[in-house]
Amino acid sequence: MATQENQNVIVMRHGDRLDNFEELWVMKAERPWDPPLHQNGKIRAFCTGQKIRSSIDFPIHRVFVSPFIRCVQTAAEVVRALCDVADHNGESNVLSSNSDSVIIDPSKVKVSIEYGLCEMLNLVAIRAASAPKDGDFKFSISQYESELPAGTVDNTVEPVYKKLPEWEESLESARARYVEVVKALADKYPSENLLLVTHGEGIGSIFTELNKDATVVEVEYCGHLYAKRSIQSGENQSFTAGEFVYEKQTGIISAAK
């Protein structure tokens, strides 16, 4: 017998990046194209995770994240908030801005790195002085996975993109990539709710895909949007999916076209 339910997807931008606070960081960084989060960014990410957890009426099953370190660190903070064993709906618990003392249940959410959610690989997004001269971004996935809360990483997931896009991809192809990857991940896990941590252009691409008459002016750090679609499950793990419908957003400034 066919059953119908909703699949929910949240798409989120990373938190405050360090190089926007410390201008000299780029000059001495070994990987200037890959700035980590500023401490303010970690706090913002954790607080955003808490707000998401307290405002939704569905569980997040999986988190997919761009391989850039600012996104991985953002995902780590959000996952700590989502997996916090404390019941923050209780009167005796107070939301905190610090994840250091949080005790988590790592079985609640599984996390995987997805190359297809990466930053636009062109000079629009990555400053010429910061870009790797040989076009090799030298990501160490195992090292970055160690930034994520212990027990939450799912290494069995086959990524949509097996490697980074080619350097100097066009703006149009990057935007199409973000839309393609979000749909592919949703189709891969139709019975699960997803949270995707990516970059500003990724958020803008999904927002305008869902709101054809709008253009995005700015996406704030940790800005995010909510979308959902109906999933009708059939026999032998088959399913029929409806179109994604835009629900709401936080931190996305848009205007009519």
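The values are calculated or read from the model by the stated rules, or taken from the named source; none is laboratory data. In this text the structure is predicted, and so the values were computed from the model without any measurement. Every residue, glycine among them, receives a Cβ derived from its backbone with ideal geometry; neighbour counts consider all protein chains shown. Surface areas here come from the heavy atoms of the whole protein model, side chains and all, with no ligands, DNA or RNA. Shrake-Rupley method; radii C 1.70, N 1.55, O 1.52, S 1.80 Å.
Residues in the range 210-253 that are among the polar types (S, T, N, Q), in contact with a Gly (Cβ under 9 Å, 6 or more places away or on another chain) and surrounded by 14 or more Cβ atoms within 10 Å (Cβ to Cβ): 230, 232, 249, 250. One residue stands out among those in the range 167-178 that are surrounded by 11 or more Cβ atoms within 10 Å (Cβ to Cβ) and of a type in the set (Asp, Glu): the one that is nearest to the chain's Cα centre (by Cα), which is 169.
Scanning the range 137-156 for residues that are closer than 20 Å to residue 199 by Cβ and open to solvent by less than 70 Å² (accessible area, probe 1.4 Å) yields a count of 7. Evaluated against (1) assigned to a loop (DSSP other than H, G, I, E, B); (2) open to solvent by less than 50 Å² (accessible area, probe 1.4 Å), residue 181 falls short on exactly one condition, (1).
Each residue in the range 113-130 was checked for being under 11 Å from residue 167 (Cα atoms) and at pLDDT below 90, and 0 of them qualify. Restricting the first member to the range 134-162 and to residues that are part of a loop (DSSP other than H, G, I, E, B), and the second to residues that are of a type in the set (S, T, N, Q), the beta-carbon pairs closer than 7 Å and six or more apart or on different chains are 147/73; 154/112; 157/112. Evaluating residue 29 against the criteria (1) touching a strand residue (DSSP E or B) at 6+ places or on another chain (Cβ under 9 Å); (2) of a type in the set (Gly, Ala, Ser); (3) under 16 Å from residue 126 (Cβ atoms) leaves one unmet condition, (1). Is there a residue in the range 50-73 that is without any contact (Cβ under 8 Å) to a residue 24 or more places away in the chain and crowded, with 20+ Cβ neighbours inside 10 Å? No. Would it be correct to say that residue 107 is open to solvent by 60 Å² or more (accessible area, probe 1.4 Å) and either under 27 Å from residue 191 (Cβ atoms) or at pLDDT 95 or above (or both)? Here the answer is yes, as residue 107 does meet what is asked. So for the range 23-42 (the condition being in contact with a Ser or Thr (Cβ under 7 Å, 6 or more places away or on another chain), in a loop (DSSP other than H, G, I, E, B), touching a residue at least 40 places away in the same chain (Cβ under 8 Å) and hydrophobic (A, V, I, L, M, F, W, C)), does at least one residue qualify? Checked the range 23-42: at least one residue is in contact with a Ser or Thr (Cβ under 7 Å, 6 or more places away or on another chain), in a loop (DSSP other than H, G, I, E, B), touching a residue at least 40 places away in the same chain (Cβ under 8 Å) and hydrophobic (A, V, I, L, M, F, W, C).
For (1) of a type in the set (Ser, Thr, Tyr); (2) within 21 Å of the chain's Cα centre (by Cα), each residue gets a yes or a no:
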site	(1), (2)
101	yes, no
107	yes, yes
111	no, yes
115	yes, yes
129	no, no
138	no, yes
146	yes, yes
152	yes, yes
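The set of residues from the range 130-152 being under 22 Å from residue 27 (Cβ atoms) and in contact with a helix residue (DSSP H, G or I) (Cβ under 7 Å, 6 or more places away or on another chain) comprises just one member, 130. Scanning the range 224-257 for residues that are out of contact with any helix residue (DSSP H, G or I) (no Cβ under 8 Å at 6 or more places or on another chain) and charged (D, E, K, R), we see that the one that is modelled with the lowest pLDDT is 235.
In a residue-by-residue description of the range 208-216, the property of being under 28 Å from residue 148 (Cα atoms), in a strand (DSSP E or B) and either at pLDDT 95 or above or touching a strand residue (DSSP E or B) at 6+ places or on another chain (Cβ under 8 Å) (or both) applies to no position. Return a yes/no flag: does the range 161-180 have any residue that is in contact with a Lys or Arg (Cβ under 7 Å, 6 or more places away or on another chain) and farther than 30 Å from residue 133 by Cα. No.
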